[in-house]
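Asks: For reference, the structure I am asking about is given below.
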Amino acid sequence: MLVAGVDVGNATTEVALARLVAGQPPEHLSVTRGPTTGAKGTAESAQGVLDLVKRASRRLGEAPTRILLADLHPVETGLRELAADSEEDLGGVGIARPVSATPSGVGAAAGQLIDLAGLVGDPLPEPVIPIVGLIDFDAAATALNLARTNGWQIVAIIVAGDDGVLIGNRVDATLPIVDEVADTDELPRGAWAAVEVAPLGATVVQLADPLRLAVLLSLDPTRARGARNAARALLGHRAGIAVRREASGGATEQEQPRLATLADGSTRAIDISTRPPGVGDVVAIEDIDADLIDAFWAPLPEAIDDAALSLRLRQRRAVGLAVLARRSDRALEQALAGSFAGEVVVVAAETAAAVAGASTTPGAGHAPIVIDMGGGTVDLHVQLENREVAIATAGAGLLVDRICGAILGIDPLRAEQAKRHPSVHVETPFILRHEDGSRTFLTSPAAPQSVAHLCITERQDGSLDALESDLAPEVWARLRRAAKRAIIAGNLRRAITAAGGLPRGELAVLVGGCAEDAEIVSEVSLALADLDLAIARGDVLGQHGPRAAVAVGLVLLHAETL
Amino acid sequence: MSAPAVVLASADAELIRLVAAAFEEEAVPLQILAESISARAAAVRSPLGIGLAVDGAEIVVALSTGTDGAYLKGPVGDARLIGRAAARLAARRPLGEFAA
């Protein structure tokens, strides 16, 4: 009988074809892998299974008569940012952070915002900050110089285009001038504002200090305290603009974190300052209608040695959340039964199948501890003489993708590549700087769009995938590893705690897609060093690496029943 | 020894004004050659190995090594933006919208 052991993961579906004859060991024929179509366990995920079974059958010239499935539990993974700037409580202060690498002048100054065209007639008695729209720099400089001659006190300038230095050179190179300011039309003319440009290589000081900011904006002491968030939001930037809002002067409404209800009836906010409880302790989450098995959340990682970057990451209040739920239907099984000519059999729990598959690793014998690190969950399987435990925790590779995507500002699919492959910084068209600080020389120039960018390597066509992020490769590497440590190793710790610990000196075999990632393996090994385990990467059937443990395990378990 | 500079080969006053503005904004030195030579030839004359010249209706940025063709190019009407990309290339900053 030809059978197909099928592992429908949250990210990847794997099919192991094998021939079974009663009383004989299975003849393993192939393993095929493809992306999971739709959510794990849904009717949509059946299509990916059928496509893979068809592909494997075509190669073999024979179709299986039985599909073997595991009892599945889907995981939902998402990320929420609770504090986009526009939603942040800035205490009645509007802010802008120009991205230009070439502001002009140095220092901080405050004045009334005014259009360039408004610098006519008698000058205002107070200092002004003209706003220059998208006009020729020579024309702008002429108008500004004329206004200064006529007595206007120009203390800083805000420029829409990339003309800050050009205007500074023609007006006053010492004036703080910020350029490439998006949405200058939205700056409230007549409002009191402050502009600061820091020296090269430095970041704003005055605008990042709430009291100095309050003095510059003439805020009373009460509002000065409220301006702390605005000051923090400007910390770490070369240039900044702060505008006093006269109308509301109050706080904008903050998005509130979701509440998780724990088994003891208490609640816990899912926020950057809280940690998820033990495995299975969350019984419900606001706005999520599901029978929960586990929930896990994690903030963006901290940037060690870079307080400004850490603060920028923290201010976003971004929380990645993974939720593992019991399925209330058999949609996948029913969809397969309706489309597949043979039988569809649910053989065992994923945990048991993973242990069976991992035990085919050469040299492992019976693997007593198997750690299955997939897209949606980190599963711990313990099969010892005196106890057998299986713990599934929500949050694994896909949650790492979400966190990495949020750090880099890219979608989770691209983040999946960024997570797996080392990055480089293209210093010149011919020189790459690597994460360890080493450099390599290119014989043909890198593409222009990659120059001076952080890039993901290892594209199939050999080109570099340029990212918009301004992170240095070594900084990104640290954040990436920290995310892997917090989610994969962190979740594994939760699972070990839930399992009541692990025996010292025992063999633990790592399987699943995440076990292909050497960084994750090393983070897990480091995180579990105190347990003195022999941690080894699985090699299913001695040829598939850490992949396909569940699919192959289903075949093995089913063979035992024949 | 020659001062480090990118070389623009052109005698067109308006083109020079636009490209020079881009270089001034980026604080990168630009040297003008009033000669009718290719961007590649201008790049070879540039101590920074980067040259600009007009080729038909396009303004071209070339490198002195590694490639014979244009490293960047765009319509002459976008001389300011192409000039900015060339200046940023010399300053090792992201080139911006004309990088593609």
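The values are calculated or read from the model by the stated rules, or taken from the named source; none is laboratory data. These numbers were taken from a predicted model, which means no experiment stands behind them. Quick reminder, even Gly has a Cβ in these numbers, built from the backbone with ideal geometry, and neighbours come from all protein chains shown. Accessible surface areas use protein heavy atoms only, side chains included; no ligands, DNA or RNA. Shrake-Rupley method; radii C 1.70, N 1.55, O 1.52, S 1.80 Å.
Asks: For region A:485-527, which trypsin sites (Lys or Arg not before Pro) pass both filters: DSSP loop (anything but H, G, I, E, B) and at most 16 other C-beta atoms within 10 Å?
Replies: Answer by residue number: A:ARG504.
Asks: Looking only at other chains, what is the average number of their beta-carbon atoms within 10 angstrom of each beta-carbon in B:25-35?
Replies: Averaged over the peptide's residues, the number is 2.
Asks: Show that you can apply the helix-only estimate: for the protein assembly as shown, add -39,500 (n - 2.57) for every DSSP H stretch of four or more residues, divide by all residues, and state [θ] at 222 nm to the nearest 500.
Replies: My calculation for the protein assembly as shown gives -8000 deg cm²/dmol from helical runs alone.
Asks: Separate question: Can you bin every Cα-Cα distance in region A:255-315 into 10 Å intervals starting at zero and give me the percent of pairs per bin, rounded to whole numbers?
Replies: Calculated over all Cα pairs of region A:255-315, the distribution is 21, 44, 23, 12, 0 percent.
Asks: Describe numerically, in nm with one decimal, the distance between label points set 7 Å from Cα along Cα→Cβ at A:ASP305 and at A:GLU343.
Replies: 6.1 nm
Asks: List every residue whose amide H lies under 5 Å from the amide H of A:ALA508, counting only residues 5 or more places away in sequence or on a different chain, with H placed 1.01 Å from N in the peptide plane.
Replies: When sequence neighbours closer than 5 places are left aside, the close amide H contacts are A:ALA534, A:ILE535, A:ALA536.
Asks: Counting partner chain Cβ atoms within 10 Å of every residue's Cβ in B:87-93, what's the average?
Replies: Mean number of neighbouring Cβ atoms from other chains: 4.
Asks: Rounded to two decimals, what ratio of Rg to Rh does chain B give with C-alpha atoms and a Kirkwood Rh?
Replies: 0.91
Asks: Could you go through region B:45-50 in sequence order and give the Karplus-derived ³J(HN,Hα) for each residue, using 6.51 cos²θ - 1.76 cosθ + 1.60 with θ = phi - 60°, rounded to whole Hz, and x for Gly and Pro?
Replies: 7, 8, x, 8, x, 10
Asks: For A:SER266 and B:ALA27, what does the FRET efficiency come to when R0 = 60 Å and r is the distance between their Cβ atoms, rounded to the nearest 0.05?
Replies: 0.55
Asks: Taking the highest mean first, how do the peptides A:356-362, A:531-537, A:205-211 order by number of other beta carbon atoms within 10 angstrom per residue?
Replies: Going by the mean number of other Cβ atoms within 10 Å, highest first, we get A:356-362, A:205-211, A:531-537.
Asks: Further question on the same structure: P(r) for region A:316-407: what percent of alpha-carbon pairs falls in each 10 Å bin, starting at zero?
Replies: 14, 31, 31, 21, 3, 0
Asks: Moving on. Highest mean first, what order results for A:156-163, A:387-394 on Cβ atoms within 10 Å?
Replies: Taking the mean over residues of other Cβ atoms within 10 Å, the ranking is A:156-163, A:387-394.
Asks: Give the carbon-plus-sulfur fraction of the accessible surface of the protein assembly as shown in %, rounded to a whole number; probe 1.4 Å, heavy atoms of protein chains only. Show your work: numbers first, answer last.
Replies: On the way: 14320 of 27660 Å².
Ligands and nucleic acids excluded, carbon and sulfur give 52 percent.
Asks: How many partner chain Cβ atoms sit within 10 Å of a residue's Cβ in peptide A:375-384, on average, as a whole number?
Replies: 0
Asks: Something else now. Show me the three semi-axes of the equivalent ellipsoid for chain A, from the C-alpha gyration tensor (sqrt of 5 times each eigenvalue), largest first, rounded to whole Å.
Replies: 57, 25, 21
Asks: Out of B:ALA11, B:ALA91, B:ALA79, whose Cα points farthest toward the positive end of the dipole of chain B (charges: +1 Lys, Arg; -1 Asp, Glu; placed on Cβ)?
Replies: Of B:ALA11, B:ALA91, B:ALA79, it is B:ALA91.
Asks: Also, quick follow-up: Which value in nm describes the separation of the simple spin-label points at A:ARG504 and A:LEU526, placed 7 Å from the Cα toward the beta carbon?
Replies: 2.3 nm
Asks: A further question follows. Antiparallel as a % of all DSSP beta bridges within region A:85-244, to the nearest 5?
Replies: Here the antiparallel bridges make up roughly 65 percent for region A:85-244.
Asks: If you take every DSSP beta bridge whose two residues both sit in region B:6-95, what share of them, in percent to the nearest 5, is antiparallel?
Replies: The antiparallel fraction comes to roughly 60 percent.
Asks: Taking only Cα atoms of region A:446-562, what ratio of Rg to Rh do you get with Rh as the Kirkwood inverse-distance radius?
Replies: With Rh from the inverse mean 1/r over Cα pairs, Rg/Rh is 1.10.
Asks: To continue, here is another question. Checking a compactness column here: for region A:51-191, what do you get for Rg(Cα) / (2.2 N^0.38 Å), N being the number of residues?
Replies: Output field value: 1.97.
Asks: I've got another one for you. Which peptide among B:43-51, B:15-23, A:28-36 comes first, and what is the full order, when sorted by highest mean count of other Cβ atoms within 10 Å?
Replies: By packing density, highest mean first, the sequence is B:43-51, B:15-23, A:28-36.
Asks: Kindly list the residues of region A:531-558 that lie in the label zone of A:LEU384, defined by a backbone N under 15 Å from the point 7 Å along the Cα-to-C-beta vector.
Replies: Residues passing the 15 Å test: A:531-534.
Asks: Just to confirm the filter: which GluC sites (Glu not before Pro) across region A:284-342 are DSSP coil and have at most 15 other Cβ within 10 angstrom of their Cβ? Before the final figure, lay out the partial values.
Replies: Details: sites: A:GLU286, A:GLU302, A:GLU333; in loops: A:GLU286, A:GLU302.
Loop-located and lightly packed - A:GLU286.
Asks: Quick one: pull the percentage of alpha-carbon pairs in region B:60-100 with a separation above 10 Å. It would help to have the intermediate numbers written out before the result.
Replies: On the way: 559 of 820 pairs.
Of all Cα-Cα pairs in region B:60-100, 68 percent lie more than 10 Å apart.
Asks: Rounded to the nearest 5, what is the percent of antiparallel bridges among the DSSP beta bridges in chain A?
Replies: On the way: 77 of 104 bridges.
Within chain A, antiparallel bridges account for around 75 percent of the total.
Asks: Accessible area per residue for chain A in Å², computed with a 1.4 Å probe and the full protein assembly in place, what is it? Present the calculation step by step, with values, prior to reporting the outcome.
Replies: Values: 23280 Å² over 562 residues.
Normalised by residue count, the accessible surface of chain A is 41 Å².
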